[in-house]
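What follows is a single structure, written as structure tokens, with notes after it.
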Amino acid sequence: MAYSTLVIEAGIARLTLNRPEVHNAFDDSLIAELNAHLEKLHDLASSGDVRVVVLGSEGKSFSAGADLNWMKRMVDYDLEDNLADSRKLAALMHGLDTLPCPTICRVQGAAFGGAVGLAACCDIVVASEKAKFCLSEVNIGLSPAVISPYVQRALGQRQMRRYALTAEVMDAPTALSLGLAHQVVEHDALDNAVDSMIATLVKGSPQAQRATKALLATVAQAPDADATREHTCQVIAKLRVSQEGQEGLASFLDKRRPAWTSPEEHNNAAEPRS
């Protein structure tokens, strides 16, 4: 049985962890599935066929981190086995982080261990008031190593030192104040909040969003470099003369909707739930 599902409708992809009986815990099979889904989504997002990816899960918990049976098997792994395992998890985080289109993480409950990495790799995190986040690895003699670049980017180095070393649980308001979550809502309002965010995102130019996401990744590497400044000039100049850029400017001046927001394409993709 599949441990995850991928449903694409009207340009919105919903990638869902589906192991509620074990709180959506990670194991090698789930990681392999997610990597396969992300490979497909990279192609679809690059072509514009997918506008937004929503990462979520079934059940009470977002994800409890590593699966117990997987951890039992790890005890007998040698160094090379562990390296191979870790590289697959690293590929998952990198694949999610570098999806060309906007990504939303829907967190309804506990997000422990590697699940914090999943949230940090998404562009926008919408969390229920019941959500909890924890870098729990040091409590079992491990480290949040593979996810650390992404979580530290979200939390900042100073806060990362505290929460990675203490394994304290962050409640939803704390995660919001630290920058790990972008929005916290009442539990019953979570799906409406996610759908509202989707509706906001699909108003933007697909090409401009892809270019902006790639631009921000480049700027983060060397924000004050001459090469970065030149790159920013190249990006805006190319967008201005592109088909979508011309359409965006024309629609603004003509006081009409741009073509990419036509009802036939995307407006029905994120209607609020009743």
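The values are calculated or read from the model by the stated rules, or taken from the named source; none is laboratory data. Worth saying up front: this structure is predicted, and the values here are computed from it rather than measured. Note that we place each Cβ from the backbone using ideal geometry, even for glycine, and neighbour counts take in every protein chain shown. Heavy atoms of the whole protein, side chains included, go into the accessibility calculation; ligands, DNA and RNA do not. Shrake-Rupley method; radii C 1.70, N 1.55, O 1.52, S 1.80 Å.
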_Taking θ = phi - 60°, what integer Hz values does the Karplus form 6.51 cos²θ - 1.76 cosθ + 1.60 yield along the stretch 199-206, in sequence order, with x for Gly and Pro?_
4, 5, 5, 6, 6, x, 5, x
_Selected from Q157, P258, A193, residue furthest toward positive end of dipole (the chain; charges at beta carbon)_ = P258
*Is the stretch 205-254 rounded, prolate or oblate when judged by the Cα gyration tensor, a ≥ b ≥ c being the square roots of its eigenvalues, rounded requiring a/c under 1.5 and prolate requiring a/b larger than b/c?*
prolate
*Tell me which label goes with the value of Cα Rg over 2.2 N^0.38 Å computed from the coordinates here: [x] 1.63; [y] 0.97; [z] 1.05.*
[z]
*Long-range HN-HN contacts of S57 with modeled amide H, under 5 Å*: L17
*Accessible surface of the chain [probe 1.4 Å, protein heavy atoms]: carbon and sulfur percent*: 54
*Can you pull the accessible area of R153 for me, 1.4 Å probe, Å² to the nearest 10?*
130
*asked:* Helix 243-254 against the longest principal axis of the chain: what's the angle in degrees, Cα atoms only, rounded to the nearest 10?
replied: 60
*Pick from L165, L79, L30: which residue has the top mean-square fluctuation in a GNM of the chain where Cα pairs under 10 Å get a spring?*
L79
*Taking the chain, how many lysine pairs are there with alpha carbons less than 17 Å apart, if each pair must be eight or more places apart or span two chains?*
6
*Along the charge dipole of the chain, which of F26, A36, L96 sits closest to the positive end, that is, farthest toward it, with unit charges on the beta carbon of Lys, Arg, Asp and Glu (+1, +1, -1, -1)?*
L96
*In debye, nearest 20: dipole of the chain around its Cα centre with unit charges on the Cβ of K, R (+) and D, E (-)?*
740
*What is the magnitude of the charge dipole of the stretch 1-93 about its Cα centre, with +1 placed on the Cβ of each Lys and Arg, -1 on the Cβ of each Asp and Glu, and no other charges, expressed in debye to the nearest 20?*
360
*Kindly provide the pair-distance distribution of the stretch 1-156 built from C-alpha pairs, with 5 Å bins from 0 and whole-percent values in order of increasing distance.*
2, 9, 19, 24, 22, 14, 7, 3, 1, 0
*Residue-by-residue Karplus 3J(HN,Hα) for the stretch 93-109, coefficients 6.51, -1.76, 1.60, Hz, glycine and proline x*: 5, 5, x, 5, 4, 9, 3, x, 9, x, 10, 10, 9, 9, 10, 9, x
